[in-house]
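The values are calculated or read from the model by the stated rules, or taken from the named source; none is laboratory data. Quick caveat, the model's predicted, so the values are computed rather than measured. When we count neighbours, we look across all protein chains shown, and the Cβ atoms used for this are built from the backbone with ideal geometry, even at glycine. Side chains are part of the model used for accessible areas, which takes the heavy atoms of the whole protein and leaves out ligands, DNA and RNA. Shrake-Rupley method; radii C 1.70, N 1.55, O 1.52, S 1.80 Å.
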Amino acid sequence: MSRTIDNYLSLETIKNKTDFICKAFQLKGPFLIGTVIKIPSGTYMIVDLINPYTGEAVNNKLVDGSYATNKAYYGKNNNKDNLKKVENKKVLFEFKPDESAKRDSILYRGDVLKVVQGSVEVFDENRADIIIEKLGVRINKINVPSLVKITKIDDGEIYYFNNIYRDFLKGLFEEKNKELKSREDDFKNTLKDEEHKINKRKDDITNAEKKIENQNRDFIQKEKDIKKREDFLIELGLVTKQQDDTNIKSENSSKSSQINSALVKQIQNYIYTNTYEHLKYKEEVLENFTVSLQTNQMTILCGSSGTGKTSLISAFSESVGAEFKVIPVQSSWIDRQDLLGYFNPINKMYVSTPFLDALLEANEDKEKLHIICLDEMNLSQVEYYLADLLSLKEHKEGIPLYSKQEYDLCTEEIQWYLKNRYSLREKEDIEKLLKEKLKIQDKDIFMYAQRYKNLKKYGYNLAMPENVRIVGTMNVDGTTKPLSPKVIDRSYILELNKQNITLEIDNETEKSFVSARQWSLDNLEVKETDLIKKLKEIDTILKNCNAEINSRTEKHIYYLEVSYKSLEKTSKEIYDQIIISKVLPKINVFINDSFTAHDDLRNEIEDLVGKSSKSYKKVSEMISKSESTNVFTYWG
């Protein structure tokens, strides 16, 4: 409907004209609110018109901007007595178009509105029930928030139109408020009780998990003790070494399982059916752990206490026929000697550690994968005791335990003493003597024999076994140390949370044997993939976030992509996991108000893998935390 005066004058009936005005003024009915005033000519007018349904001032430009009054005119002699009673007060009135209105009078005088039957109905503004009844609406249909808006400010005094509801609704609101308050109190009490129950249950679960972990450690230690006793009996010649079924199976590499998505599902089923606690891990978690082992990086499982980090490594190792050793890290560790041992210059023997012995065992059993777990690795500063080992492992160099000169001097001394004591000439005679060392009665001779055996076992340089994978577990809390950039750059970070999944498996699943050869991706020619190209394109952004992509990272990313593709993962899934586990952990930078690289990084991740991805959500969480800490970091 065109809002012009010609359209209005062309209407024949009062009803049509009324409808026209209602639509022009955005009214729901022929009612208005206004203030009654008297002008010098003696005419009463109602001004400052308000839409009673919304509480907003009426915008009544009826014709192309020319008609701009908000006044309702009334005849000089009409209803003076009634209007006088409410002079300068707000009234609710029903309007009626003026049938005799001329073009000029409507256009310039604004005499469009006229009283019903020559009179104005005046209502007490505090009688909400009458006003609501007159408007023809139900109380729950009124837009109450709009009716309490400020309608006029005059000389510092504020007038509201909420008077018509104040008394009527006050009691209703108070009663409703009491009811809601009562419900709120009940809810708070119930919530408090449930939270108490949940916290108690969490404590029980945490204690049970710690107890299980301690039992597992005790069991592993007992296995070690039994193995030592067995070796001692074998050394005495009282028993002969037996080859177990696992070794027999490992010798037949043709039976080795292939690493693929089917294997991951089988591992998941085996862990659930063959662990006392019926451990459940998502396929995604097992896939990521499998890929990390296959790419031969330092794997770091981080998460809160009780999420099953150590249990995952232990159960996974058993499911694929791998050897598993757990090395609890101590907060007092300060250098590599705590991990690899040291040469004692007093008794001239090498003092070994469980970690070094685990490496030697792996050297003697090259067909099987050996997983060494550094439990709670960040109780001490990781790079103090581990960084050198990671560098040597990466470059496939031997591990220097002590100097070659010390080794040669000690060896020559022992050989000289034993040869002269027993008039020996050949090295083979010394070896034969050592096999009969329990028959030696002389203490000095026995000590020389022990030193000789120690030097042969712990040479000055130890080759890093290709079949060893180092996995660390760490808690991120106030009692632990942060990881250095050097360690992070050589690691694949997997965050482990509570595994809330349901598994339905009827039959017990057998373990699979995966040979050490299957876990290796060595000697691949590194190629520039689409992901590597994309990361190079945003190199400036990554540098500003301390997450530069170097040649080592490129190699790791290429290996990761190859491994993930063997598990039939999509490109988007692969990119998302590599970004959150390989790129984002590098980030740790102080920021200020002018820092924008974090927002740029989030936008690039959104373009690459989308807003629903894990990496996008993680970097958004990092940005949110940085607003209060001024540190943009993956950790914390």
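Within region 556-568, being hydrophobic (A, V, I, L, M, F, W, C), over 19 Å from LYS486 (Cβ atoms) and assigned to a helix (DSSP H, G or I) holds for LEU560, VAL562. Of the helices (runs of 4 or more DSSP H) lying entirely inside region 569-636, the ones with 3 or more residues being over 20 Å from ASP530 (Cα atoms) are found at 597-609, 614-629. Every test in (1) in contact (Cβ under 8 Å) with a residue 60 or more places away in the chain; (2) within 17 Å of GLU466 (Cα to Cα) is passed by SER311 save one, and that test is (2). I'd like to check something: does region 275-294 contain any residue that is among the basic types (Lys, Arg) and in a helix (DSSP H, G or I)? No, region 275-294 contains no residue that is among the basic types (Lys, Arg) and in a helix (DSSP H, G or I).
If only residues of region 377-435 that are modelled with pLDDT of 75 or more and in a loop (DSSP other than H, G, I, E, B) are counted, the one that is surrounded by the fewest Cβ atoms within 10 Å (Cβ to Cβ) is SER403.
Residue-wise test of (1) over 20 Å from ILE488 (Cα atoms); (2) surrounded by fewer than 16 Cβ atoms within 10 Å (Cβ to Cβ); (3) modelled with pLDDT of 95 or more.
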{"site": "THR553", "(1), (2), (3)": "no, no, no"}
{"site": "TYR558", "(1), (2), (3)": "no, no, no"}
{"site": "GLU561", "(1), (2), (3)": "no, no, no"}
{"site": "LYS569", "(1), (2), (3)": "yes, no, no"}
{"site": "ASN588", "(1), (2), (3)": "no, no, no"}
{"site": "HIS598", "(1), (2), (3)": "no, no, no"}
{"site": "GLY610", "(1), (2), (3)": "yes, yes, no"}
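Out of curiosity, is LYS617 free of Cβ contacts under 8 Å to residues at least 24 places away in the same chain and either under 21 Å from the mean Cα position of the chain (by Cα) or open to solvent by 80 Å² or more (accessible area, probe 1.4 Å) (or both)? Here the answer is yes, as LYS617 does meet what is asked. Condition (residue is farther than 18 Å from ASP599 by Cβ, open to solvent by less than 60 Å² (accessible area, probe 1.4 Å) and of a type in the set (Lys, Arg)) applied to region 535-551: is it met by at least one residue? Scanning region 535-551, I find no residue that is farther than 18 Å from ASP599 by Cβ, open to solvent by less than 60 Å² (accessible area, probe 1.4 Å) and of a type in the set (Lys, Arg), so the answer is no.
Taking LEU301, is it part of a strand (DSSP E or B) and under 26 Å from ASP204 (Cα atoms)? Here the answer is yes, as LEU301 does meet what is asked. Of the listed requirements (1) modelled with pLDDT under 65; (2) hydrophobic (A, V, I, L, M, F, W, C); (3) out of contact with any Ser or Thr (no Cβ under 9 Å at 6 or more places or on another chain); (4) farther than 26 Å from THR290 by Cα, ILE205 misses just one: (1). Do we have any residue at all in region 360-368 that's touching a Pro at 6+ places or on another chain (Cβ under 6 Å), at pLDDT 90 or above and buried (at least 19 other Cβ atoms within 10 Å of the Cβ)? Checking region 360-368: at least one residue is touching a Pro at 6+ places or on another chain (Cβ under 6 Å), at pLDDT 90 or above and buried (at least 19 other Cβ atoms within 10 Å of the Cβ).
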